[in-house]
Amino acid sequence: MEHSPDAELAPGALWSKIQQQTRHAQLSGALQPIDTRYEFLEQGGMRFLVRILANLARKEKADLAQQHQQRLGKPVNPFLPYDPDLFVANLSATHLCLLNKYNVVDHHILIVTRAFEDQDSWLTLADFEALAICMADIDGLAFYNGGRLAGASQRHKHLQLVPPPLCPDRGPLPLATVIADLALEANSSNPVVSPQLPFRHAIASLEAGTSPSGKTLLETYRTLMTHLGNDWGQAPQAFPYNLLITRDWMMAVARQQEHYQSIPVNSLGFAGSLLVKNLEQFDLLKTLGPMTVLQQVAVWGS
């Protein structure tokens, strides 16, 4: 079932639609949350949330089925067609909102292009305008995994947004405490770096006291990516990156590899939230140190 993009989403309606569709998707079995337990690890003055998967069988079975289809030469795209039981709302003529089928955090949503666009392509004004609609309703953490080496698991372009609290103990977002120490100048687009983060990154403040517009998000994104050394004339896949966005700030991180010693990292890792498959992987992470893992998968230097 394809939902018409014509009807506009009323301001303030998205959050209630997310809650309503979550209840429906739970009852239908379309939503399959991944159970975890969590621990905290500290390194480099940053407290990291580490989630340990309690049962990965369901997700692994789905991944194996997808890999089998790919080996048969059949393209696999969970967003075309999307599962109507996971559909939340039309955001624009180009984007729609879906629930994340295998969510770890409650009410985790995906901002998906209606027609196929590659996750390796640059983000556009249309992408950020769709995200801005969601951020106006949800004061959470948005993120984008720019390419496979940045942790993207699906090729179809999608941004993601998780509502607060990201930490189960309702504590602050770990990265937010690091950025707060920078005392960013409000509404300044000048990129800054944090001395606490030992990898190439750039941070900028957004419009103070309001939800950012799509235009502001696009301009800030391009400023940060240029600061990191991106050449806009090159192919996007030549520059894997992670992007993290709140109503107050945006951060971009340049990437060089998908994982370090079996520990995968996507954008949420740089927000201070890592996911491991089992206790053995957790012990490895504890030995290496979470900040060390981030440094290894990112491009070195600030």
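Some observations on this one:
- Those residues of the range 27-48 which are in a strand (DSSP E or B), in contact (Cβ under 8 Å) with a residue 60 or more places away in the chain and over 30 Å from L182 (Cβ atoms), in sequence order: T36
- Enumeration of residues in the range 118-163 that are out of contact with any strand residue (DSSP E or B) (no Cβ under 7 Å at 6 or more places or on another chain) and on the phi > 0 side of the Ramachandran plot: G147
- Which numbered condition Q67 fails, given (1) modelled with pLDDT of 95 or more; (2) surrounded by fewer than 12 Cβ atoms within 10 Å (Cβ to Cβ): (1)
- Strands (runs of 3 or more DSSP E) completely within the range 70-179 that count 2 or more residues being farther than 27 Å from Q296 by Cβ: 87-90, 95-99, 109-113
Residue-by-condition table, conditions (1) aromatic (F, W, Y); (2) buried (at least 16 other Cβ atoms within 10 Å of the Cβ):
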position	(1), (2)
G147	no, yes
H156	no, yes
L182	no, no
L197	no, yes
E207	no, no
Y221	yes, yes
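- Among (1) under 20 Å from N230 (Cβ atoms); (2) among the polar types (S, T, N, Q); (3) more than 14 Å from the chain's Cα centre (by Cα), the one test that T287 misses: (1)
The values are calculated or read from the model by the stated rules, or taken from the named source; none is laboratory data. Just so it is clear, the structure is predicted and the values come from calculations on it, not from any experiment. Neighbour counts are summed over all protein chains in view; Cβ atoms, including those assigned to glycine, are modelled from backbone coordinates with ideal geometry.
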